[in-house]
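Undergrad: Starting off with a structure, shown below.
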Amino acid sequence: MVNSTVILDNGASTLKVNTVEYQAPRIIQNAIIRGRTDRRNYIGDQIDQCTDFSSLYYRLPFERGFLTNWDVERPVWNRLFSNVLQIEPRDSRLLITEPCFNLKNIQEAYDQMIFEEYEFASCYRTIAPELCTFNDLALLFGDRPGSIPDCTLIVDSGYSFTHIVPFFKGKPIAKAVRRINVGGKLLTNQLKETVSFRYYDMMEETSIINQVKEECCYISQDVYRDLDICKKPYQQNTIVQEYVLPDYTNTSKGHIRPKQSRQASMSRHHQQQDIEQVLTMNNERFMIPEVLMHPSDIGIQQAGLPEAITQSVNACKPEMHGLLYSNIVLVGGNTLFEGYRERIIHDLQAMVPSEYDVRVSQPPSPTEYAWEGGQRFVELSSKSDLQRKFVQRREYLEYGSEICRRKFGTL
């Protein structure tokens, strides 16, 4: 007897997870993190108990976007199912996401862990962009409520990669999927290197630099104009920001302070040099996220996001092009950069033939959108539909991973 359905968006950075009856997922770090001062290992949600985020050491289960280290993932899942959700896997069904074009041996490891180690009653494994299509997309575009578009283009820019996945009647078009090897992890590392070269050595401060990236960075609408502004005298520079780094004695979180005059800043520095360390963010604010639009800036020979979207659409049948351009949905953590949607619309309008209407939408919670789609899929499906989609444990024990490949059939 299945008592609960667990929806687990198993991201490389965070897990978005909860049982289907809840309206929102819980966001949990997908890592084992070691503190520098207390020498303690924080597993998943235990990081909330950490008070000193300086020089944290991260052990991640994902490598280059694929789940390769089960020695890290297993303790995270153990804590997740036992302490956070407090469920009995034998009495639960699991809806879990995997990366696009996941490798066969990794898929078999998923199935083995889910059915043999945790003994879930049943499981459905799919890609996050597919779950996004189960949401009410008409609401995002202001169309007639409940209407389902024949074609949708999901742009999922996450921690490891950015995937562009076109769908026709709910099925991904494999030959048209495009991947850009730029994600949140690369942007954070790029910012770490830039800041360490120009200001302070921050190569060990992943957590702090990630905060700086999330609070200060934005996508520029006109890079050359913004670079000219950055060259202006300090007081006339409208882009520069002063980010006060946390010291973990008086403050545990950094913040942006109002810009000081140079003289005031210098005198304040002499008075408070033992209290505040200030990081001056100038062109780093927009040049770091600009890598999403032009990966060649740092030597990655790939198309930027807008160009990759047009490549993906052009790989589909010509009669689909108009529908795909008019139903572009942006999801993933990088979607939260200010100006992200506007820049993509601006660049696409310059590339797309004028007879096509470009509509780009962004859900209110782009990081949770796949989980919400999974919840809607389970709620709207009948028992027989779920029975047909999910692989039962007894089926797995009889046929092995082959039954999963046949039933799931995603990318």
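Undergrad: Counting DSSP beta bridges with both partners in the chain, what percentage is antiparallel, nearest 5?
TA: Values: 39 of 57 bridges.
In the chain, DSSP labels about 70 percent of beta bridges as antiparallel.
Undergrad: Give a quick list of chymotrypsin sites (Phe, Trp or Tyr not before Pro) in segment 173-258 that DSSP marks as loop, anything other than H, G, I, E or B, with at most 16 other Cβ atoms within 10 Å.
TA: For chymotrypsin sites (Phe, Trp or Tyr not before Pro) across segment 173-258 that sit outside H, G, I, E and B with at most 16 neighbouring Cβ atoms in 10 Å, the list reads Y199, Y200, Y248.
Undergrad: Further question: With the full set of protein chains in place, find how many percent of the accessible area of segment 161-208 is carbon and sulfur; take the probe as 1.4 Å.
TA: 50 percent
Undergrad: Please report, in debye to the nearest 20, how large the charge dipole of the chain is about its Cα centre when each Lys and Arg carries +1 at its beta carbon and each Asp and Glu carries -1 there.
TA: 280 debye
Undergrad: Follow-up. Multiplying the sequence separation of I229 and S361 by 0.36 nm and subtracting their Cα-Cα distance, what value in nm do you get?
TA: Values: separation 132, 0.36 × 132 = 47.52 nm, distance 2.97 nm.
Fully extending the segment from I229 to S361 adds 44.5 nm.
Undergrad: Based on the alpha-carbon gyration tensor of segment 321-362 and its eigenvalue square roots a ≥ b ≥ c, which shape applies: rounded if a/c is under 1.5, prolate if not and a/b is larger than b/c, or oblate? Don't skip to the answer; put the middle values down first.
TA: Numbers: a/c = 3.36, a/b = 1.70, b/c = 1.97.
Oblate, because a/c is 1.5 or more while a/b does not exceed b/c.
Undergrad: So, counting K/R as plus one and D/E as minus one, what does the shell of residues with Cβ under 15 Å around R341 add up to? Display every interim value, and only then the final one.
TA: On the way: positive: R343, R359; negative: D156, E338, E342, D347.
Every neighbour counted, the sum reads -2.
Undergrad: Stretch E119-E402 to full length: gain in nm at 0.36 nm per residue minus the Cα-Cα span?
TA: Residue separation times 0.36 nm, minus the Cα-Cα distance, leaves 100.1 nm.
Undergrad: On a C-alpha basis, how far is the centre of segment 344-411 from the centre of segment 9-29 in Å? Whole number, if you could?
TA: After rounding, the separation between the Cα centres reads 16 Å.
Undergrad: Might you tell me the accessible area per residue for segment 322-411, computed with a 1.4 Å probe and given in Å²?
TA: 49 Å²
Undergrad: What is the distance in Å between the Cα centroid of segment 287-342 and that of segment 180-199?
TA: Using only Cα atoms, the two centres lie 20 Å from each other.
Undergrad: Oh, and also: Considering the options V76, P25, F53, tell which one lies farthest towards the positive end of the dipole of segment 5-113, charges being +1 on Lys and Arg and -1 on Asp and Glu at the Cβ, about the Cα centre.
TA: Result: F53, furthest along the dipole toward the positive end.
Undergrad: With the dipole of segment 266-411 worked out from charges on the C-beta (+1 for Lys and Arg, -1 for Asp and Glu) around the Cα centre, which of N327, I344, L292 lies farthest toward the positive end?
TA: N327
Undergrad: Could you pull out which residues in segment 59-79 have an amide N less than 20 Å from a spot 7 Å beyond the Cα of Q46, following the Cα-Cβ vector?
TA: Only 59-62, 69-79 pass the distance filter.
Undergrad: Follow-up question, since we're still on this one. So what is the relative contact order for segment 95-184, in percent, with contacts set as C-alpha pairs under 8 Å and at least six apart?
TA: The normalised contact order for segment 95-184 reaches 20 percent.
Undergrad: If you don't mind, there's one more thing I want to ask. Please give the net charge around M203, taking every other residue with its beta carbon less than 15 angstrom from that of M203, where Lys and Arg add +1 and Asp and Glu add -1.
TA: Numbers: positive: R36, K185, K192, R198, K213; negative: E193, D201, E204, E205.
Within the 15 Å Cβ shell, the charges total +1.
Undergrad: Further question: If I model a spin label as a point 7 Å beyond the Cα along the Cα-Cβ vector, how far apart are those points for R198 and E342 in nm?
TA: 2.2 nm
Undergrad: In this model, which of K169/K383; K16/K171; K16/K104; K185/K383; K104/K169 are farther than 32 Å apart at the alpha-carbon? Present the calculation step by step, with values, prior to reporting the outcome.
TA: Numbers: K169/K383 22 Å; K16/K171 23 Å; K16/K104 24 Å; K185/K383 40 Å; K104/K169 26 Å.
Violating the 32 Å limit, Cα to Cα: K185/K383.
Undergrad: Also, quick follow-up: Charges at C-beta only: +1 for Lys and Arg, -1 for Asp and Glu. How large is the resulting dipole of segment 163-246 about its Cα centre, in Debye rounded to 20?
TA: Roughly 800 debye for segment 163-246.
Undergrad: Which one is right for this structure if semi-axes √(5λ) of the Cα gyration tensor in Å is calculated from it: (i) 43, 28, 24; (ii) 38, 29, 17; (iii) 64, 34, 17?
TA: (ii)
Undergrad: Something else: Once R0 is set to 22 Å, what does the formula 1/(1 + (r/R0)^6) return for the Cβ-Cβ distance between E63 and F101, expressed as a FRET efficiency to the nearest 0.05?
TA: Details: r = 15 Å, r/R0 = 0.69.
E between E63 and F101, to the nearest 0.05, is 0.90.
Undergrad: Sticking with this structure for a sec: Can you pull out the trypsin sites (Lys or Arg not before Pro) in segment 31-88 whose DSSP state is coil and whose Cβ has at most 16 other Cβ atoms within 10 Å?
TA: Sites meeting the loop and neighbour criteria: R36, R39, R40, R64.
Undergrad: Okay, moving on. Can you tell me, using C-alpha contacts under 8 Å and at least 6 residues apart, the relative contact order of the chain as a whole percent? Display every interim value, and only then the final one.
TA: Numbers: 732 pairs, mean separation 74.7, N = 411.
That works out to 18 percent.
Undergrad: Return the loop-located trypsin sites (Lys or Arg not before Pro) in segment 178-264 (DSSP other than H, G, I, E, B) with at most 16 other Cβ atoms within 10 Å of their own Cβ; answer none if there are none.
TA: Details: sites: R178, R179, K185, K192, R198, K213, R225, K231, K253, K259, R262; in loops: K231, K253, K259.
The qualifying sites are K231, K253, K259.
Undergrad: Restricting to DSSP H runs of at least four residues, report the calculated mean residue ellipticity at 222 nm for the chain, -39500 (n - 2.57) per run over all residues, nearest 500 deg cm²/dmol. Numbers along the way, then the final one.
TA: Details: 17 runs with 142 residues, N = 411.
It lands at -9500 deg cm²/dmol.
Undergrad: Let me ask something else. Once you charge only the Cβ atoms, +1 for Lys and Arg and -1 for Asp and Glu, what is the size of the charge dipole of segment 301-363 about its Cα centre, to the nearest 20 debye?
TA: With only Lys, Arg, Asp and Glu charged at Cβ, the dipole is about 120 debye.
The values are calculated or read from the model by the stated rules, or taken from the named source; none is laboratory data. Keep in mind the model is a prediction, meaning the values are calculated, not measured. Please note: Cβ atoms are built from the backbone with ideal geometry, for glycine as well, and neighbour counts cover all protein chains shown. Heavy atoms of the whole protein, side chains included, go into the accessibility calculation; ligands, DNA and RNA do not. Shrake-Rupley method; radii C 1.70, N 1.55, O 1.52, S 1.80 Å.
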